[in-house]
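So the structure is just underneath, and the comments pick up after that.
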Amino acid sequence: MKKITKAIIPAAGLGTRVLPASKSVPKEMLNIVDKPAIQYLVEECADAGITDILVITNRGKGIIEDHFDYAFELEENLKKNPDKRKLYEDVHRVAELANLYYIRQKETKGLGHAILAAESFVGDEPFAVLYGDDIIYSDKEPVIGQLISAYEAYGKCVTGVKECTTEQVMKYCTLDVTPRERNIYDVHKIIEKPDRDQILSHFSVLGRNVVTPDVFDLIRATPPSPKTGEVYFSEALSYLAEHDRLLAVDFYGRRFDMGSKLGIMEANCEIALKHPEIGEDFKAYLKALTKTL
Ligand code: UTP
């Protein structure tokens with residue numbers, strides 16, 4: 001079985017739910033405490049042994065490339081000042097996390113369509129897919145690493161799931177599953193954006209997958225949704241599920257939706273509380289603030 005060393009991060013959406021913040025700054029570059037959202041994803045990949053990452057972008061997302069490049073002038077400046085050594089190291093290491101590649105999705109036609117742009121990068125290897133606006137914080141094994149372990153153990157494609165509220169399930173998708181062992185399930189069917197009476201379980205796919213290159217043919221065979229005109233990636237996952245080729249991992253980790261205003265605030269709050277530099281002060285601030293609510 002081939003080791004998984006490649007990941008793709010689709011980041012070419014319009015980000016309409018977080019406008020106007022995402023008008024000129026891609027939502028994947030919005031800040032969480034002291035790092036842009038996409039850096040958390042690249043770190044998650046690097047921690048799971050992934051060495052090559054393709055980011056799928058569109059017009060106006062060039063600052064993603066700048067962020068993962070060396071910033072020569074800035075770094076030289078920081079290097080000269082012994083008090084700023086740690087800052088220099090933090091800035092420098094961003095460019096060394098992984099080999100980053102970029103390709104544009106020329107039209108915004110949905111997540112499935114975006115993933116198709118990765119076909120030549122992937123070649124004949126299994127690969128990871130991390131949705132660019134889903135940050136998943138784990139203080140144990142990185143979430144994509146948890147999925148890779150399941151892929152290596154069972155040789156099947158894997159999707160990351162969590163139990164969600166009924167409202168969230170209706171916005172995302174619903175899965176028909178049976179338990180296999182511990183937090184791993186066999187998936188039999190997926191319905192994207194179900195109506196209330198179509199809900200099969202409260203498990204939804206939340207931004208992490210490990211799949212094999214035959215998904216590209218499955219995506220190509222997927223017609224655009226009559227409702228939205230988008231090509232859904234979940235249709236390809238659903239095909240895998242119906243052919244007994246998909247597992248779900250109820251992953252350990254806290255997921256934040258960077259595509260929503262509330263998700264951005266939750267991510268900032270919870271990650272700030274764990275931050276070594278400001279965590280304690282922020283907790284004191286929050287405690288005082290809650291007394292006034
Ligand atoms: P979303 O559907 O959450 O992103 O896609 P969006 O279209 O930007 O959301 P709205 O406009 O606020 O509703 C999940 C991920 O897939 C990427 C997005 O960038 C996001 O990271 N995506 C989505 C693409 O790369 N291309 C697309 O055509 C759509």
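The values are calculated or read from the model by the stated rules, or taken from the named source; none is laboratory data. All values derive from a computational prediction rather than experimental measurement. Every residue, glycine as well, gets a Cβ built from its backbone with ideal geometry; the counts of neighbours run over all protein chains shown.
In the stretch 67-90 there is no residue matching the filter, namely being touching a residue at least 40 places away in the same chain (Cβ under 8 Å) and within 16 Å of the ligand (Cβ to nearest atom).
Does the stretch 125-145 contain at least one residue that is buried (at least 18 other Cβ atoms within 10 Å of the Cβ), under 30 Å from ASP217 (Cβ atoms), among the charged types (D, E, K, R) and within 18 Å of the chain's Cα centre (by Cα)? There is at least one residue in the stretch 125-145 that is buried (at least 18 other Cβ atoms within 10 Å of the Cβ), under 30 Å from ASP217 (Cβ atoms), among the charged types (D, E, K, R) and within 18 Å of the chain's Cα centre (by Cα).
Restricted to the stretch 235-293, and to residues there that are touching a helix residue (DSSP H, G or I) at 6+ places or on another chain (Cβ under 8 Å) and assigned to a loop (DSSP other than H, G, I, E, B), the residue that is farthest from the ligand (Cβ to nearest atom) is ILE278.
Taking only the stretch 202-234 into account, find how many residues are away from the ligand (no atom under 15 Å from the Cβ), part of a loop (DSSP other than H, G, I, E, B) and touching a helix residue (DSSP H, G or I) at 6+ places or on another chain (Cβ under 6 Å). The total comes to 2. For the stretch 142-173, the set of residues classified as assigned to a loop (DSSP other than H, G, I, E, B) and either in contact with a Cys (Cβ under 9 Å, 6 or more places away or on another chain) or aliphatic (A, V, I, L, M) (or both) consists of PRO142, TYR172, listed by residue number.
So that you can scan it fast, the table gives a plain yes or no per residue for (1) surrounded by 18 or more Cβ atoms within 10 Å (Cβ to Cβ); (2) on the phi > 0 side of the Ramachandran plot; (3) modelled with pLDDT under 95; (4) of a type in the set (Val, Ile, Thr):
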residue	(1), (2), (3), (4)
PRO224	no, no, yes, no
LYS227	no, no, yes, no
ALA248	yes, no, no, no
PHE251	yes, no, no, no
GLY259	yes, no, yes, no
ILE271	yes, no, no, yes
ALA284	no, no, no, no
ALA288	no, no, no, no
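When the stretch 1-25 is filtered for residues that are crowded, with 20+ Cβ neighbours inside 10 Å and more than 8 Å from the ligand (Cβ to nearest atom), the ones remaining, listed by number, are ILE4, LYS6, ALA7, ILE8.
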